[in-house]
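Asks: The following block contains the structure, expressed as structure tokens.
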Amino acid sequence: MEVLVNVTIDGQQVSVRAGTTILDAAKQLGIPIPTFCYYAKLVGIGACRMCLVEVEKMRGLQTACTTKVQEGMVVRTNTPEVVQTRQGMLEFLLTNHPLDCPICDKGGECDLQDQVFQFGGTVSRYVEEKRHKAKAKPLGPFVMKDEERCILCRRCIRFLEEWPGDPELDAFERGRNTVVDTFYGRPLTSPFSGNVIDLCPVGALTSIPFRFKARSWELKRTPSICTLCGAGCNLTLDAKANRLLRAVGRENPDVNDEWLCDRGRFGQDYVRSDQRLTSPLIRKDGQLQPATWDEALAFAARRIQDIAQTANPDVVAAVGSARASNEANYLLQKWARAVVGTNNVDFAGRPADGFAPLSSVTAPLRAGVVVLLGVDPLGDAPMVDLWIRRAALTKGTRVVAIGPKRPVVSRYGVWLGCRPGTESAVLAALLHLLARDERVQAPAKADLAGWTKDYAPDRVAEATGVSVQALKQAADFLAAKGSPLVLYGGGADLSPVRDLLALLGGEAGYLAPKPNAWGALLMGVAPDRYPGGASVEDAKARDSFGKQWDARLSPRKGLALADMLAGCREGIVQAMLVVESDLVREHPAAAEALRTLRFLVVVDQFLTATAELADVVLPSAAPSETDGTFLNLAKRLQRAAQATYPPKGVRPAWRVIADLVDAAQGKDKKRGAESHWDYETAAEIWREITRGVPVCRECTYETIGTAGWQPESAAEKVKPVPFAVEYPVAPEGYPLTLAAGQALFPKATPARYSPALAPVLWGDVLLVHPKDAEGRGIKTGDAVRVASARGAVELKARLTDEVVPGCVWACLESVAALLEAPDKATHVKLSRS
Amino acid sequence: MLSDKAKSEIQQLKARYPHPNSALLPALALAQKEHGWLSPEVLEEVAEVMGLSPAQVGSVASFYTMFNRRPVGKYLVQVCTNVACSLLGAEHIVEHLKRKLGINVGETTPDGLFTLLEVECLGSCGTAPVMQVNDTYYENLTAEKIDQILAELRRR
């Protein structure tokens, strides 16, 4: 039962839970107590003495942020002694704090400025020489340190310790010489290092990319979301004179609390890249050349129309994107279905049937064990990685990582290193152990004991390379802690995952690496689904959308992406519209297939590897340059709001699609009463979407607001299912297996175009285990040739035991062309070039 | 490199306290005893054995003045300059040592024999002025006594 205690603060009485601090009790009464080092999301340490208050019967003043209330306690926060002490504390801080506010980036949003203004004295009595320490000392590529401005509140130290568990900062030396630093000035490497900039109450830690770019009060601040991974972290985009200058974390306890990863914080500046496309391009004499919008749209519309008419509508295909907003994706499939007349609509990274979203980005907090099935959240969704770390640090959550590459968070548990493509077998071995563990009580146990009899640890160890001891430890974590959270990636086999849930409860979810995979699916960017999920073979749904879109819709299922690409070569697909998807860097078959098309239109912000193959390229706005909604990896609906106008000559993707229809139908028809393509804003498209998609019916831009909207989802009951695991067999001459994934700073679009991320971008690097390098005479830094049956690429080797022997690992965008299929481990050979 | 013996002693120290982190000070003392000073490499090794980050270990090592974060001579000469010793002429003792060794406070002689430091109270005010050379106290110091001590140390 909750114990309440009664306290009196400034004459007002309040009952609060035992264990509450004076500061929090005062907050409940609306009594403000000034603080410095205190930060609600960090452990209080009472270092700055700003929150000192008078407590009856206690000697001296007490720190309100660390002193717990007691029954009958009488507190005064505003006595002359308290006020004078605060002034004294501020005066002390200012004796050593340089008054370089005019050249300090923190000026205008500085806690010290604000506190001195509110509580400080007016005149400084300090006439002596100030203490001098290092100024402008970079701590890595993102954080600049000014030691003189530091007031030693230790917020940055505590954050790195308590959230990402990367205690890279600490206080060195003592007394007046104390400085916050890294070990011998090494660069910060925490993937979440940028948060210390937001946390710093003064200008001691500032952002290198934002340095001297603007004064805080000049910024136009737009609440929005990050679209650089599937987590959809809430942030504020700050712009000056239509230039997006920085992103800072924005509070949302259900998504990112208030933190950002360094990719999201610093990567948004890709919109300012000098490689942005600012004019449509048309291929003339084999070269892409600038053209006007009217020219390009008319040409694209006419060519697609011609091709569809001479053959049939089904030779046209539309590729949407998990990077594009719901509005753009919705219009793209509407264009394909209602204007062209085909269901050939799909996108790369579409969640497979049976895939489920996470219950929340914060789901790790509710898990006993986080099981990573061949995924590394640090690359796929860094904020999920942060929540795993937080869960491990505060709740003792364990991590069981299954896969060929060791994720950082496996330090909170065990890494079951196995050869690529054998993850399901390793999971089967865990099921084998759990089905025979007396701590596990579940009706499914008997069935599973039978189904898993072929997956005894020693047998699986032999077939996969995993260690028996690690398997036993992982099974022990699972049996002891229960409620696993299984995170899986694109190619996952869900049957053994379901079995694990049937044994232990918990949840499983697809760690969608792109910002809008679930949204694109919900918008009907799928060959067999309308917006909302109804089948294209469902006559009722077809009628209803046909009426809404004023068109006769095709009853035939369309081609899925892989079939579209395969069909390119055979002339089954002859024209394609690709919106904001760099297929060539993601899909093995794309480069070859797209070259054989008669006509390719690409809409994107950059001249991507895909756009380079196009006949017409139409430049589109980034998510921060238009309005749009996204559905994150927990199917939370959130708005990316317009922070700046797009560069001159650039249009939002949704408008480009509508304009393409215009160009085909002629302006007059569009203005006509029956036109369904007359959109002035993204909000209008959203209103149309809500009419056709039941789950969104109640939703408007206003109700989504800045916090987003999470539809209720009923937990589904999991039935155990039998499964069979196939072990990949290496063909003659291809002794190694290539696994592809995503790095924290991937060279994928759009992060590859960010100037701030440029120094840390993952290069064309291949991770090789020293054992595999030895016989081939490969050293770190050597150029190596990795070849599969599909082709070969040259990469730089890096020797590491982060990968298992027999496996080489690279970023997807470097090796997409080699893979047998997306998300599929591929047999390769490796040699020095 | 920290010896295996030191590493296993640190492991034992960790078990001695309610919280293993409490073993950090004795662990650092152990490492310093073995190496004479705490180099970045040694600090990192201690961090690894302790399960702490290099920053956390470096922070503690830099707080305490008795941990040497630079190489010191074979003989670490620490002269007390606190109140009692100062009243009895500690500053002359320091001056004499500086002259005799040819170095300033904080420096090491080129032959690597002596490092000279000023320290706070050594807790032997009754026999001031006092200096400590490695683990030995030299009391009631005079210039002559220092000459003898240095000569004796040089002979060893």
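Asks: For region B:17-49, which residues satisfy the criterion of being under 12 Å from B:Met1 (Cα atoms) and in contact with a Ser or Thr (Cβ under 7 Å, 6 or more places away or on another chain)?
Replies: Correct list: B:Glu34 only.
Asks: Shifting gears a bit: Please determine, by comparing only the residues of region A:427-443 that are assigned to a helix (DSSP H, G or I) and out of contact with any strand residue (DSSP E or B) (no Cβ under 7 Å at 6 or more places or on another chain), which one is surrounded by the fewest Cβ atoms within 10 Å (Cβ to Cβ). Even if it seems obvious, please write down each step before you answer.
Replies: Here is the first cut: in region A:427-443, the residues assigned to a helix (DSSP H, G or I) are A:427-434.
Remaining after also requiring out of contact with any strand residue (DSSP E or B) (no Cβ under 7 Å at 6 or more places or on another chain): A:428-434.
Values: A:Ala428: 26, A:Ala429: 32, A:Leu430: 30, A:Leu431: 27, A:His432: 23, A:Leu433: 20, A:Leu434: 24.
My answer is A:Leu433.
Asks: If you go through region B:94-103 one residue at a time, how many are of a type outside the set (Gly, Ala, Ser), open to solvent by less than 80 Å² (accessible area, probe 1.4 Å) and free of Cβ contacts under 8 Å to residues at least 40 places away in the same chain?
Replies: At the first step, the residues of region B:94-103 found to be of a type outside the set (Gly, Ala, Ser) are B:94-101, B:103.
Within this subset, residues satisfying the condition of being open to solvent by less than 80 Å² (accessible area, probe 1.4 Å) are B:94, B:96-98, B:101, B:103.
From what is left, the residues that are free of Cβ contacts under 8 Å to residues at least 40 places away in the same chain are B:94, B:98, B:103.
Result for region B:94-103: 3.
Asks: Evaluate the following for A:Val793: is it assigned to a loop (DSSP other than H, G, I, E, B) and either more than 19 Å from A:Thr422 (Cα to Cα) or modelled with pLDDT under 90 (or both)? I'd like the intermediate steps shown before the answer.
Replies: Numbers: assigned to a loop (DSSP other than H, G, I, E, B): no; either more than 19 Å from A:Thr422 (Cα to Cα) or modelled with pLDDT under 90 (or both): yes.
Criteria not met by A:Val793.
Asks: When you check A:Lys824 against the structure, is it outside any helix (DSSP H, G or I), buried (at least 16 other Cβ atoms within 10 Å of the Cβ) and of a type in the set (D, E, K, R), yes or no?
Replies: Values: outside any helix (DSSP H, G or I): yes; buried (at least 16 other Cβ atoms within 10 Å of the Cβ): yes; of a type in the set (D, E, K, R): yes.
Criteria met by A:Lys824.
Asks: Which one of these does A:Gly775 not meet: (1) small (Gly, Ala, Ser); (2) at pLDDT below 95; (3) more than 20 Å from A:Pro731 (Cα to Cα)?
Replies: A:Gly775 satisfies every listed condition except (3).
Asks: Looking at B:Ala15, B:Ala55 in this structure, which one is within 14 Å of another protein chain (Cβ to nearest Cβ) and either over 20 Å from the mean Cα position of the chain (by Cα) or polar (S, T, N, Q) (or both)? Even if it seems obvious, please write down each step before you answer.
Replies: Numbers: B:Ala15 fails: within 14 Å of another protein chain (Cβ to nearest Cβ).
Residue meeting the stated conditions: B:Ala55.
Asks: Of (1) among the acidic types (Asp, Glu); (2) touching a Gly at 6+ places or on another chain (Cβ under 8 Å); (3) under 30 Å from A:Leu199 (Cα atoms), A:Asp314 satisfies all except one. Which?
Replies: If we test A:Asp314 against (1) among the acidic types (Asp, Glu); (2) touching a Gly at 6+ places or on another chain (Cβ under 8 Å); (3) under 30 Å from A:Leu199 (Cα atoms), just (3) comes out false.
Asks: So A:Pro555 fits all but one of (1) more than 29 Å from the chain's Cα centre (by Cα); (2) buried (at least 23 other Cβ atoms within 10 Å of the Cβ); what number is the exception?
Replies: It fails just one condition, (2).
Asks: Taking into account only those residues within region B:58-84 that are of a type in the set (Phe, Trp, Tyr) and open to solvent by 40 Å² or more (accessible area, probe 1.4 Å), which is nearest to the other protein chains (Cβ to nearest Cβ)? If you could, list the steps in order and put the result at the bottom.
Replies: Narrowing region B:58-84 to residues of a type in the set (Phe, Trp, Tyr): B:63-64, B:67, B:75.
If we keep only those that are open to solvent by 40 Å² or more (accessible area, probe 1.4 Å) too, we end up with B:63-64.
On the way: B:Phe63: 5, B:Tyr64: 8 Å.
Per the stated criteria, the residue is B:Phe63.
Asks: Among the residues of region A:316-339, write down those that are open to solvent by 10 Å² or more (accessible area, probe 1.4 Å) and over 31 Å from the mean Cα position of the chain (by Cα).
Replies: Answer for region A:316-339, where residues must be open to solvent by 10 Å² or more (accessible area, probe 1.4 Å) and over 31 Å from the mean Cα position of the chain (by Cα): A:Ala338, A:Val339.
Asks: Which residue out of A:Pro364, A:Pro351, A:Pro357 is of a type outside the set (A, V, I, L, M, F, W, C) and open to solvent by 10 Å² or more (accessible area, probe 1.4 Å)?
Replies: Numbers: A:Pro364 fails: open to solvent by 10 Å² or more (accessible area, probe 1.4 Å); A:Pro351 fails: open to solvent by 10 Å² or more (accessible area, probe 1.4 Å).
After applying the criteria, what remains is A:Pro357.
To keep it simple, each residue is scored yes or no on (1) open to solvent by less than 40 Å² (accessible area, probe 1.4 Å); (2) assigned to a strand (DSSP E or B); (3) under 25 Å from A:Gly88 (Cβ atoms).
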site: A:Val14; (1), (2), (3): yes, yes, no
site: A:Ala26; (1), (2), (3): yes, no, yes
site: A:Pro32; (1), (2), (3): no, no, yes
site: A:Cys37; (1), (2), (3): yes, no, yes
site: A:Gly44; (1), (2), (3): yes, no, yes
site: A:Cys48; (1), (2), (3): yes, no, yes
site: A:Cys65; (1), (2), (3): yes, no, yes
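Asks: Spot the failing condition for A:Pro515; the list is (1) surrounded by 22 or more Cβ atoms within 10 Å (Cβ to Cβ); (2) in contact with a helix residue (DSSP H, G or I) (Cβ under 9 Å, 6 or more places away or on another chain); (3) outside any strand (DSSP E or B); (4) in the same structural domain as A:Pro404 (by TED's automatic domain parsing), and only one is missed.
Replies: Just one mismatch for A:Pro515, condition (4).
Asks: Can you tell me which of (1) in a helix (DSSP H, G or I); (2) among the small types (Gly, Ala, Ser); (3) free of Cβ contacts under 8 Å to residues at least 40 places away in the same chain; (4) in contact with an Asp or Glu (Cβ under 9 Å, 6 or more places away or on another chain) is the one A:Ser424 doesn't meet?
Replies: Checking A:Ser424 against (1) in a helix (DSSP H, G or I); (2) among the small types (Gly, Ala, Ser); (3) free of Cβ contacts under 8 Å to residues at least 40 places away in the same chain; (4) in contact with an Asp or Glu (Cβ under 9 Å, 6 or more places away or on another chain), the one that fails is (3).
Asks: May I pose another question? For region A:134-146, which positions are under 22 Å from A:Leu90 (Cα atoms) and within 14 Å of another protein chain (Cβ to nearest Cβ)?
Replies: Within region A:134-146, A:Lys145 is the sole residue that qualifies.
Asks: Oh, and also: Please go through region A:157-196 and give me each residue that is of a type in the set (Lys, Arg) and more than 7 Å from every other protein chain (Cβ to nearest Cβ), ordered by number. Break it down stepwise before answering.
Replies: Narrowing region A:157-196 to residues of a type in the set (Lys, Arg): A:158, A:174, A:176, A:186.
Once the filter is applied, which keeps residues that are of a type in the set (Lys, Arg) and more than 7 Å from every other protein chain (Cβ to nearest Cβ), region A:157-196 yields A:Arg158, A:Arg176, A:Arg186.
Asks: Could you look through region A:132-146, keep only residues that are aliphatic (A, V, I, L, M) and touching a residue at least 12 places away in the same chain (Cβ under 8 Å), and pick out the one that is surrounded by the most Cβ atoms within 10 Å (Cβ to Cβ)? Even if it seems obvious, please write down each step before you answer.
Replies: First pass over region A:132-146, keeping only residues aliphatic (A, V, I, L, M): A:134, A:136, A:139, A:143-144.
Among the residues that remain, those that are also touching a residue at least 12 places away in the same chain (Cβ under 8 Å) are: A:134, A:139, A:143-144.
On the way: A:Ala134: 12, A:Leu139: 23, A:Val143: 25, A:Met144: 21.
Result: A:Val143.
Asks: If you don't mind, another one. Condition first: under 17 Å from A:Gly403 (Cα atoms) and open to solvent by 40 Å² or more (accessible area, probe 1.4 Å). Now tell me which residues in region A:444-478 satisfy that.
Replies: Residues satisfying the conditions are A:Glu462, A:Gly465, A:Ser467, A:Val468, A:Gln469, A:Lys472, A:Gln473.
Asks: Also: Any residue at all in region A:523-538 that is of a type in the set (A, V, I, L, M) and part of a helix (DSSP H, G or I)?
Replies: no
Asks: Taking B:Glu91, is it closer than 17 Å to B:Ile10 by Cβ and either away from chain A (no Cβ under 11 Å) or without any contact (Cβ under 8 Å) to a residue 24 or more places away in the chain (or both)?
Replies: Working: closer than 17 Å to B:Ile10 by Cβ: no; either away from chain A (no Cβ under 11 Å) or without any contact (Cβ under 8 Å) to a residue 24 or more places away in the chain (or both): yes.
So B:Glu91 does not fit the description; no.
Asks: Same structure, new question: Can you find even one residue in region B:59-80 that is over 17 Å from the mean Cα position of the chain (by Cα) and free of Cβ contacts under 8 Å to residues at least 12 places away in the same chain? If you could, list the steps in order and put the result at the bottom.
Replies: Just the residues of region B:59-80 that are over 17 Å from the mean Cα position of the chain (by Cα), to begin with: B:59.
Still in the running and free of Cβ contacts under 8 Å to residues at least 12 places away in the same chain: B:59.
Yes, region B:59-80 contains a residue that is over 17 Å from the mean Cα position of the chain (by Cα) and free of Cβ contacts under 8 Å to residues at least 12 places away in the same chain.
Asks: Looking for something under 30 Å from A:Ala743 (Cα atoms) and at pLDDT 95 or above - is there at least one such residue anywhere in region A:446-461? I'd like the intermediate steps shown before the answer.
Replies: Filtering region A:446-461 for residues under 30 Å from A:Ala743 (Cα atoms) gives A:460-461.
Among the residues that remain, those that are also at pLDDT 95 or above are: A:460-461.
Yes - at least one qualifying residue is present in region A:446-461.
Asks: Tally the residues that are open to solvent by less than 20 Å² (accessible area, probe 1.4 Å) and either at the interface with chain B (Cβ under 10 Å from one of its Cβ atoms) or in contact with a helix residue (DSSP H, G or I) (Cβ under 6 Å, 6 or more places away or on another chain) (or both), restricting the search to region A:147-156.
Replies: Summing the residues that are open to solvent by less than 20 Å² (accessible area, probe 1.4 Å) and either at the interface with chain B (Cβ under 10 Å from one of its Cβ atoms) or in contact with a helix residue (DSSP H, G or I) (Cβ under 6 Å, 6 or more places away or on another chain) (or both) in region A:147-156 gives 2.
Asks: Among B:Glu44, B:Glu9, B:Glu34, which is in a helix (DSSP H, G or I), within 14 Å of another protein chain (Cβ to nearest Cβ) and out of contact with any strand residue (DSSP E or B) (no Cβ under 6 Å at 6 or more places or on another chain)?
Replies: Working: B:Glu9 fails: within 14 Å of another protein chain (Cβ to nearest Cβ); B:Glu34 fails: within 14 Å of another protein chain (Cβ to nearest Cβ).
Exactly one of B:Glu44, B:Glu9, B:Glu34 is in a helix (DSSP H, G or I), within 14 Å of another protein chain (Cβ to nearest Cβ) and out of contact with any strand residue (DSSP E or B) (no Cβ under 6 Å at 6 or more places or on another chain), namely B:Glu44.
Asks: Which count do you get for residues in region B:114-142 that are touching a residue at least 40 places away in the same chain (Cβ under 8 Å), open to solvent by less than 40 Å² (accessible area, probe 1.4 Å) and farther than 18 Å from B:Gly73 by Cβ?
Replies: 6
Asks: For region A:747-793, give me each residue that is under 28 Å from A:Pro141 (Cβ atoms), over 22 Å from the mean Cα position of the chain (by Cα) and without any contact (Cβ under 8 Å) to a residue 40 or more places away in the chain.
Replies: The answer is A:Lys779, A:Thr780, A:Gly781, A:Val793.
The values are calculated or read from the model by the stated rules, or taken from the named source; none is laboratory data. What you see is a predicted model; the values in this text were computed from it and never measured. Reconstructed Cβ throughout: ideal geometry from the backbone, glycine too, with neighbour counts over all protein chains shown. Just the protein is used for accessible areas: all its heavy atoms, side chains included, with ligands, DNA and RNA removed. Shrake-Rupley method; radii C 1.70, N 1.55, O 1.52, S 1.80 Å.
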